[in-house]
Structure formats: structure tokens, C-alpha cells
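In what follows, a single structure is set out as C-alpha cells and then discussed.
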Amino acid sequence: MTTVLVVDDDHLMRVGLIEILGADPELTVVGHADSGTRAIELARITHPDIVLMDVRMANGDGITATRAITAELATTRVVVLTTFDQDDYVFEALEAGASGFLLKRARPEELIDAIHLVASGEAVLSPAVTRRVIERLAPRPRADRSAELAALTVREREVLQQIATGRTNTEIATTLFIEESTVRTHVKHLFQKLQLRDRVHAVIYAYEHDLGPNAATPLTDDDRNGSR
């Protein structure tokens, strides 16, 4: 059973989300809040698996609440819901630790699927949000993390580039001609080495460090033999 905390300052939106989630027997709503401040309080009490988080709220915004919750509750993951055309906080929310970003106009089945994916350890971005995030990455200078990158094997860098294109583990395995179990191992290792929370943050990291899908990663025979 996956537990969910619903956070939105619009009463009708909260009621609608609770009703949608209640239709799935594998989801249980353990609470709801109308502000970021209250969301933090309830998250500490209920320890939900997933928090559905609004961004713009009067008493404590969703980004601040997301940062506090993900920092304090290691097993709780946040999915941000927003009316994207009016919200300019996508990147900040993801940097704060959100594992997903969906538009409020998403269909109910898309929302439920997203919750299950995030609960299983994946991350979710709507296509429109992904495009906007990628567009923002190039001009944002980051601290030098060359030592972390140097710790990656060539194959791990390849897998990171594939993640940056949005490919699943199955698709990466097909592209790189390796077993899916091997991909999972590489993903686990590169997440540990780069201190990444999930695939969304792997995409952000890849683009910030010029490791997007267009980056060249030449392989030698030794590299290939050693990184499989």
C-alpha cells in the first residue's frame, strides 16, 4: 500500500485529488494540507510514501516544503503538481528534491500511474516540463564536480547520457547491447558516486555538466571490456 499526503491551497482541488486517489485500492490518503507549513507538520507525523505538492501557497510555498520534507524524510518522495503556464518554479522544485513534476491538467490515470512510478523509485516529468527544464540548464553555472565525474567508468557515463534522453532501463540495455540487470547496476553505482536522488536529478546533472545525449563519449576496447 502506498500512502499519500495531498497538499494544495485550493479546497476543491484537494477534494478532487483525494477522490481520484481513493479510486485506486493500492493508494491511501493519510492526510491533506492547505499550505507548505502544514504539509511539513503532517509529513513528520504520517511519514507518507508520496507527497502531492502544490507550488504557490500563501502560508509556506511548495518549494520550501519540498526541500524540508526531502531533507528530513529520506523515504518520502514529492511529486509537484502545477498549472505550468503560471508557474516558473520547475527547476527550483526539482533542485529542492522533487521526484516528479506534473501539470494539473494531467488525466487521472496519468496522475495515478505517476504516483506508482515514483513510489517504485522512478521519477516523472511531463514532456512539456522536460523540455522547459532542459532549456534552462545550459546557462546555469555549477560548482566544479570534476572529481565525481572522473570516478565514473566510461560505461556509467554512457548510461548517464542515455538517462538524459529519457530512456528506460530496458531501452538503455537495447541501445548499449547489455543486459537490463547490468544497466540497473550501473544506474545504482552512478547515483551513489554523483549523490543523485533519482532519474530526474540525473537528467539535470547530465545537462548541467555537458553530458547530454549529444556529448561524445569515445570508448576504447579496454573500456568496453572492463565496463560491461
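Below, the figures for the structure above:
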| read-out | value |
| --- | --- |
| Helices (runs of 4 or more DSSP H) lying entirely in region 168-228 (those with 2 or more residues that are at pLDDT below 65) | 221-227 |
| Qualifying helices (runs of 4 or more DSSP H) (wholly inside region 1-109; at least 2 residues being modelled with pLDDT of 95 or more and not polar (S, T, N, Q)) | 11-22, 36-46, 62-72 |
| Condition met for GLY22 (crowded, with 19+ Cβ neighbours inside 10 Å, of a type outside the set (A, V, I, L, M) and either within 16 Å of THR2 (Cβ to Cβ) or in contact with a helix residue (DSSP H, G or I) (Cβ under 9 Å, 6 or more places away or on another chain) (or both)) | no |
| Selection from region 94-121 of residues that are under 10 Å from the mean Cα position of the chain (by Cα) and among the small types (Gly, Ala, Ser) | GLY97, ALA98, SER99, GLY100, GLY121 |
| Identity of the residue in region 19-57, without any contact (Cβ under 8 Å) to a residue 40 or more places away in the chain and out of contact with any strand residue (DSSP E or B) (no Cβ under 9 Å at 6 or more places or on another chain), that ends up farthest from ARG67 (Cα to Cα) | PRO25 |
| Qualifying residue in region 25-33 (condition: among the acidic types (Asp, Glu) and more than 18 Å from the chain's Cα centre (by Cα)) | yes |
| Contacts under 7 angstrom Cβ, first residue in region 152-172 being farther than 15 Å from GLU122 by Cβ, partner at pLDDT below 85 and of a type in the set (S, T, N, Q), 6 or more apart | THR153/SER227; VAL154/THR217; VAL154/SER227; ARG155/SER227; ARG157/THR217; GLU158/THR217; GLN161/THR217 |
| Subset of region 156-196 that is small (Gly, Ala, Ser) and more than 19 Å from SER146 (Cα to Cα) - its residue that is surrounded by the most Cβ atoms within 10 Å (Cβ to Cβ) | ALA173 |
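For every residue, the table says whether it meets (1) buried (at least 17 other Cβ atoms within 10 Å of the Cβ); (2) outside the structural domain of LEU196 (by TED's automatic domain parsing); (3) among the basic types (Lys, Arg).
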{"residue": "HIS11", "(1), (2), (3)": "no, yes, no"}
{"residue": "SER35", "(1), (2), (3)": "yes, yes, no"}
{"residue": "ALA39", "(1), (2), (3)": "yes, yes, no"}
{"residue": "ARG44", "(1), (2), (3)": "no, yes, yes"}
{"residue": "ILE69", "(1), (2), (3)": "yes, yes, no"}
{"residue": "LEU81", "(1), (2), (3)": "yes, yes, no"}
{"residue": "GLU95", "(1), (2), (3)": "no, yes, no"}
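The values are calculated or read from the model by the stated rules, or taken from the named source; none is laboratory data. What you see is a predicted model, and the numbers here were worked out from it, not measured in a lab. Cβ atoms come from the backbone with ideal geometry, glycine included; neighbour counts cover every protein chain shown.
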